[in-house]
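**Student:** This is the structure I have questions about; it appears just below.
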Amino acid sequence: MLNIGRKLLFIISLIGVVTSASANLINNGGFEETHVNKNSWKWFKSSNINGWDGSNIEIWDRFGNFDAYEGEQHAELNSHSSNGDPFAIFQTIETEIGALYDVSFAYSARSNTRESFLFDLSSFNKAFLSVIVDDHQVKTWSLFNIRFEAIDLFTTIGFTSITPSTGTVGNFLDNISVLKSPTTLTSKVSAPSIAFFIMLVCMFLIRRKIISNIKN
């Protein structure tokens with residue numbers, strides 16, 4: 001019976017592997033790859049931040065005793081050294097037309113709850129999904145989650161400051177992630193079907209064990 005249990009555990013493990021989430025498609029979503037000294041901050045041109053394009057990006061490492069949501073560092077969307085335009089950072093990822101993707105990120109206000117920004121997804125240089133994120137709490141992380149269907153081989157995820165629009169204080173971001181949603185066993189077979197499959201496997205293994213014992 002112990003061998004049966006091990007085989008069943010192996011089968012369940014295989015199912016877990018099939019249904020596990022894919023790797024994060026966002027490069028440097030936690031802003032960890034450009035080092036900033038602890039208890040400090042520094043601004044960078046986006047060209048110097050791996051994975052990201054757009055405006056300047058300010059990176060913090062526990063400055064003001066505020067911890068990152070994940071890892072050691074996080075970004076401030078409203079960066080130092082404004083040129084008078086809203087701050088906007090973006091990243092383009094490869095996607096599969098018709099496939100589903102799960103987006104998530106952490107956000108927080110720096111100084112007041114009126115802070116807000118625009119999150120959008122675009123393809124063919126045109127946004128197909130836009131959400132204003134304006135429920136900030138000061139130095140308290142909140143989570144944003146949404147699922148979308150890709151309409152092109154490339155999809156751009158972007159963040160643009162709204163309040164303050166051009167001011168250099170506001171809108172923290174961290175742990176930005178885009179994962180391809182499972183399209184294998186879990187999306188094609190219901191949970192009862194999986195349970196029934198496991199039950200059949202158990203019955204088969206037990207029956208084979210009984211027959212083996214009789215022959216011996």
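The values are calculated or read from the model by the stated rules, or taken from the named source; none is laboratory data. Owing to the predicted nature of the structure, the values given are computational and were not obtained by experimental measurement. No Cβ is skipped: glycine too gets one built from the backbone with ideal geometry, and neighbour counts run over all protein chains shown.
**Student:** Give the residues of the stretch 69-105 that are among the small types (Gly, Ala, Ser), more than 15 Å from Gly170 (Cβ to Cβ) and buried (at least 16 other Cβ atoms within 10 Å of the Cβ), sorted by residue number.
**Tutor:** Ser104
**Student:** With the requirement that a residue be at pLDDT 95 or above and farther than 23 Å from Phe105 by Cβ, what does the stretch 3-37 give you?
**Tutor:** Within the stretch 3-37, Asn37 is the sole residue that qualifies.
**Student:** If you go through the stretch 87-95 one residue at a time, do you hit one that is in contact (Cβ under 8 Å) with a residue 24 or more places away in the chain and on the phi > 0 side of the Ramachandran plot?
**Tutor:** No, because not a single residue in the stretch 87-95 is in contact (Cβ under 8 Å) with a residue 24 or more places away in the chain and on the phi > 0 side of the Ramachandran plot.
**Student:** Going residue by residue through the stretch 93-103, is there one that turns out to be under 14 Å from Phe31 (Cβ atoms) and either assigned by TED's automatic domain parsing to the domain that holds Gly51 or modelled with pLDDT of 95 or more (or both)?
**Tutor:** no
**Student:** Here is a follow-up. I need the full set of residues from the stretch 117-167 which are touching a residue at least 60 places away in the same chain (Cβ under 8 Å) and on the phi > 0 side of the Ramachandran plot, in order please.
**Tutor:** First, the residues of the stretch 117-167 that are touching a residue at least 60 places away in the same chain (Cβ under 8 Å): 139, 141, 154-162, 164-167.
The one that is touching a residue at least 60 places away in the same chain (Cβ under 8 Å) and on the phi > 0 side of the Ramachandran plot: Lys139.
**Student:** So which strands (runs of 3 or more DSSP E) stay within the stretch 55-105 end to end and still have 1 or more residues that are among the small types (Gly, Ala, Ser)?
**Tutor:** So the answer is 74-76, 88-94.
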